[in-house]
Structures are given as structure tokens and as C-alpha cells.
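Asks: Pasting in a structure now, in C-alpha cells, and then I'll have a few things to ask.
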Amino acid sequence: MKLPGKAIVWLIYFDASITRRFGRRVPRKLAVEAPTLEELIEACKRLNLSFQTRESARYPRMWWGRRGYVIVDKSKSKGRLLEALALEVRRLRSEKSRYGVYSEKP
């Protein structure tokens with residue numbers, strides 16, 4: 001599905017347990033184990049991205065796996081967008097492990 005000016009960001013793009021062949025799009029050092037749609041939504045909010053979610057959709061190549069994707073307004077290349085989101089999800093994970101919940105950004 002092509003959406004001009006938007007990028008579809010599947011949850012599986014950030015999963016460290018998935019190979020690039022099956023859909024991971026970020027380097028393994030930026031990926032996380034079992035990312036959640038809530039983490040991806042929070043990362044979009046922190047990066048001030050306009051987005052829509054599709055919770056019940058499944059990635060076609062891994063239809064039995066985790067669900068969901070986000071449609072994001074694309075202000076830069078998809079690769080840079082994915083990298084920024086991956087870094088933010090990693091930050092969220094470290095905050096959650098440190099504080100037990102996501103801390104608010106000042």
C-alpha cells in the first residue's frame with residue numbers, strides 16, 4: 001500500500017530476534033527484543049510525529065507474529081525515520097528498566 005508523504009512502520013522492523021530476511025529493518029544493535037506497539041506509539045509521541053495506528057494488522061511475511069503498525073508522516077527518509085524510532089524505543093526500554101515506568105520528557 002502506497003501512501004504519499006507517509007511511511008508504514010511495522011513493529012517487526014525493530015525486533016532483534018527477527019532476521020533482516022524476515023523483516024527487521026534496523027541494525028541488531030539498535031533493535032530490541034519483543035517490541036510492543038505501545039513502545040512504538042510512545043516513541044512517535046516523543047519525536048513529535050503525527051501518526052495513526054493499526055493494531056490488528058499482521059506483517060505479511062510473519063503473519064503469525066506480533067501485530068500492529070504505525071503510519072507516520074514522513075519528514076525524512078524512511079531509513080532515518082526508522083533509526084530515530086529505534087533509538088527512542090531503546091531509550092524507553094532503559095527508562096522502564098531503571099524507573100519501572102516511562103518518565104516524562106522535560
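The values are calculated or read from the model by the stated rules, or taken from the named source; none is laboratory data. It should be emphasised that the depicted structure is a prediction, and the values quoted were computed from it without experimental measurement. Counting neighbours? That spans all protein chains shown, and the Cβs are built from the backbone with ideal geometry, glycine included.
Asks: State all residues of region 64-78 that are touching a residue at least 40 places away in the same chain (Cβ under 8 Å) and either in contact with a Cys (Cβ under 7 Å, 6 or more places away or on another chain) or outside any strand (DSSP E or B) (or both); if no residue qualifies, say none.
Replies: Applying the first criterion (touching a residue at least 40 places away in the same chain (Cβ under 8 Å)) to region 64-78 yields 65-74, 78.
GLY65, ARG66, VAL70, VAL72, LYS74, LYS78 - these are the residues of region 64-78 that are touching a residue at least 40 places away in the same chain (Cβ under 8 Å) and either in contact with a Cys (Cβ under 7 Å, 6 or more places away or on another chain) or outside any strand (DSSP E or B) (or both).
Asks: Same structure again: Looking at region 28-52 only, could you name the residues that are part of a loop (DSSP other than H, G, I, E, B), touching a helix residue (DSSP H, G or I) at 6+ places or on another chain (Cβ under 9 Å) and closer than 13 Å to ARG67 by Cα?
Replies: PRO35, THR36, listed by residue number.
Asks: Another question about this same structure. State the number of residues belonging to region 53-85 that are more than 13 Å from the chain's Cα centre (by Cα), under 18 Å from LYS2 (Cα atoms) and of a type in the set (S, T, N, Q).
Replies: Number satisfying all stated conditions: 2.
Asks: Just wondering, is there one or more residues in region 19-26 that are under 12 Å from the mean Cα position of the chain (by Cα), modelled with pLDDT of 95 or more and crowded, with 16+ Cβ neighbours inside 10 Å?
Replies: As a first pass, look at region 19-26 and keep what is under 12 Å from the mean Cα position of the chain (by Cα): 24-26.
Next cut, modelled with pLDDT of 95 or more only: 25-26.
Right, trim to crowded, with 16+ Cβ neighbours inside 10 Å and you get 25-26.
Yes - at least one qualifying residue is present in region 19-26.
Asks: Would you pick out the residues in region 1-18 that are buried (at least 18 other Cβ atoms within 10 Å of the Cβ) and closer than 24 Å to SER94 by Cβ?
Replies: Matches in region 1-18: VAL9, TRP10, LEU11, ILE12, TYR13, PHE14, ASP15, ILE18.
Asks: Pick out the one residue from ARG90, ARG61 that is under 15 Å from PRO27 (Cβ atoms), in a helix (DSSP H, G or I) and charged (D, E, K, R).
Replies: Numbers: ARG61 fails: under 15 Å from PRO27 (Cβ atoms).
One residue alone meets the criteria, ARG90.
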